[in-house]
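The values are calculated or read from the model by the stated rules, or taken from the named source; none is laboratory data. Only a predicted model underlies this, so the values are computations on that prediction, with no experimental measurement involved. In this analysis, Cβ positions are derived from the backbone assuming ideal geometry, glycine residues included, and neighbour counts consider all displayed protein chains.
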Amino acid sequence: MILAGGTGGRMHAVVPKQFMEIDGESVLLHTLKSFQGHPLIHEIYIVCMPEWNAHVLGEAKKGKIDKLKGLVEAGKTSYESACNGIALLAKKVTDPETIVLVHDAVRPLITQDIISRNIAVCLTHGNAITALTSHEAYLVTADGNSADSFMPREGLMRAQTPHTFPLSTLCKMMELAKERGIKDSQSIFTLAGELGILPLYIAQGDLRNFKITEQPDILIYRALKTLEE
């Protein structure tokens, strides 16, 4: 399930960043190709704003993404979008133990190894969260101008996507969140933590699997994409 519903406000671009064309190819299409090319990925669903549906279908046709099986209407937040996507999968997918990888469309340099590791870790332990060991300590700030505490790097990991769970677990999470009145969470894995669905198991990430968020990220993406080719 590819989350492509963001508006990309921090990018200050004319179109949302997942639809930006960089060196002749949209960010979304590059992401889709990674999943299309993996032998253990059988179906792809995209969560996006309805006004972009025709564009998304056009990109999929252009890239020969024949694993695309459906589009889902994005919500007002990433959390709502994920909820909408999971609700659709619950209707479309017959086997509740199907492994679902939830990935940000704006992480186009996801590798085949990351996908494989997520699936393997989830099959072994029941979930998988892509993450990297932190090489920096973290300042804790309330206003972005000053900090009154810090977190040492030891024991910290930086989460990426995919976040991977069996569909049955995702559906259970949505039910529990509704029962407890949870209407927002930063991500699928933070929701799992809030609900006590622990421990969460690590699938090793990759520095290349970064999130395109601001203008300088485009330069990094372009350079890494060139090396990839």
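A few comments on the model shown:
- Subset of region 173-193 that is buried (at least 18 other Cβ atoms within 10 Å of the Cβ) and not aliphatic (A, V, I, L, M) - its residue that is nearest to Asp113 (Cα to Cα): Phe189
- Qualifying residue in region 107-114 (condition: under 18 Å from Lys33 (Cα atoms) and among the basic types (Lys, Arg)): yes
- Scan of region 116-153 for residues that are in a loop (DSSP other than H, G, I, E, B) and either buried (at least 17 other Cβ atoms within 10 Å of the Cβ) or hydrophobic (A, V, I, L, M, F, W, C) (or both), ordered by number: Asn127, Ala137, Ala142
- Selection of region 174-229 for residues being closer than 14 Å to Ala131 by Cα, out of contact with any His (no Cβ under 9 Å at 6 or more places or on another chain) and in a helix (DSSP H, G or I) yields only Thr190.
- In the condition set (1) on the phi < 0 side of the Ramachandran plot; (2) out of contact with any Asp or Glu (no Cβ under 6 Å at 6 or more places or on another chain); (3) modelled with pLDDT of 95 or more; (4) of a type outside the set (Phe, Trp, Tyr), Lys64 is compliant with all but (1).
- Selection within region 194-229 - without any contact (Cβ under 8 Å) to a residue 40 or more places away in the chain and either buried (at least 16 other Cβ atoms within 10 Å of the Cβ) or in contact with a Ser or Thr (Cβ under 8 Å, 6 or more places away or on another chain) (or both): Glu194, Leu195, Asp217
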